[in-house]
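Right, one structure below, let's go through it.
The values are calculated or read from the model by the stated rules, or taken from the named source; none is laboratory data. It should be emphasised that the depicted structure is a prediction, and the values quoted were computed from it without experimental measurement. Neighbour counts are summed over all protein chains in view; Cβ atoms, including those assigned to glycine, are modelled from backbone coordinates with ideal geometry. All accessible areas refer to the heavy atoms of the entire protein, side chains included, with ligands and DNA or RNA removed. Shrake-Rupley method; radii C 1.70, N 1.55, O 1.52, S 1.80 Å.
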Amino acid sequence: MKTTGQLVDELIDLAFAEDIGDGDATTLSTIPAEAMGRQQLIIKEEGIVAGVEMAKRVFEKFDPALKVDVKIKDGSHVQPGDVVFVVSGPVRSLLQTERTMLNIMQRMSGIATTTARYQKELVGTGAKVLDTRKTTPGMRIMEKEAVALGGGTNHRIGLFDMILIKDNHVDFAGGITKAVDRAKQWCADHGKDLKIEVEVRNDEEIKEALTANVDRIMLDNFTPERTRDAVRLIRSIDPSVEIESSGGITINNLRQYGEAGVDFISVGALTHSVKGLDMSFKAVKE
């Protein structure tokens, strides 16, 4: 399996390929090869900055001659006018990497900012906001890092690092017990130590999941009131099992779920429909 670093490098290579192709015609035709300069990343909207380390990777990968002077670190709160970093080096390289860097940083910073807003709603409840697999194809590593930088918690990275038995798995497998038993046997046969989570739809399935001894129970599309009742039931049987709420959760009802006593609340909106944070990469006039 490819490492996180390899996946990020491949994404950057793809971004260069689709944007630059065989060369930036505008830059190559108007800027002398020997020209040197500086550009600075300026924040235009309040939020949480994320993607600084990824930006450094973009610059270094395209041209090691580009030097990055970081002023503000990943995960920091920023205001309009803040300068996150200054990059110096060949002007041609600065201009050719600008859009790839901005696309990554604006999206990551938007996700971090949104995550921080959601997690703030849960202060005092003990619940943590989780991301999902509803990510931009190819950008999952970056987007999940942005969630963490915004104060959220990563759910599974993909289909390989946790077992999440959802309703379709349950129905096709013939029930929760059969599905969990097969999952545990598969882990044993393949030498894997993976957490097992089961999505439930009613009290009967909750009891069956607890009997099957799973690590986490997901309450799918439960109202806050039903969630509170389900948490009481689960805690009365097994206080140690983790509880997650999922489905139909917005910033407006998020706290109600946190106050219902769950440990985690998964929110697809952290990554699937987020607005990028406004910023620009401008030349520093010498």
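Restricting the search to region 275-286, which residues are open to solvent by less than 20 Å² (accessible area, probe 1.4 Å) and within 19 Å of the chain's Cα centre (by Cα)?
Listed by number, the list holds a single entry, Leu277.
Would you confirm whether any residue within region 200-223 is outside any loop (DSSP other than H, G, I, E, B), acidic (Asp, Glu) and open to solvent by less than 30 Å² (accessible area, probe 1.4 Å)?
yes
If the Cβ limit is 9 Å and pairs must be 6+ apart or interchain, which residue in region 224-240 that is under 11 Å from Leu210 (Cα atoms) and at pLDDT 95 or above pairs with which residue that is assigned to a helix (DSSP H, G or I) and open to solvent by 90 Å² or more (accessible area, probe 1.4 Å)?
Leu233/Lys207; Ile237/Lys207; Ile237/Thr211
Filter region 151-168 down to residues that are under 22 Å from Ile111 (Cα atoms) and either touching a Cys at 6+ places or on another chain (Cβ under 6 Å) or open to solvent by less than 30 Å² (accessible area, probe 1.4 Å) (or both), then give me how many there are.
4
Which residues, taken from region 1-24, are in a helix (DSSP H, G or I), farther than 12 Å from Phe62 by Cα and either hydroxyl-bearing (Ser, Thr, Tyr) or over 21 Å from the mean Cα position of the chain (by Cα) (or both)?
If the condition is that a residue be in a helix (DSSP H, G or I), farther than 12 Å from Phe62 by Cα and either hydroxyl-bearing (Ser, Thr, Tyr) or over 21 Å from the mean Cα position of the chain (by Cα) (or both), then Thr4, Glu18, Asp19 are the ones that fit.
Looking only at region 111-131, count how many residues are open to solvent by 30 Å² or more (accessible area, probe 1.4 Å), touching a residue at least 60 places away in the same chain (Cβ under 8 Å), under 19 Å from Asp263 (Cβ atoms) and in contact with a Lys or Arg (Cβ under 9 Å, 6 or more places away or on another chain).
2
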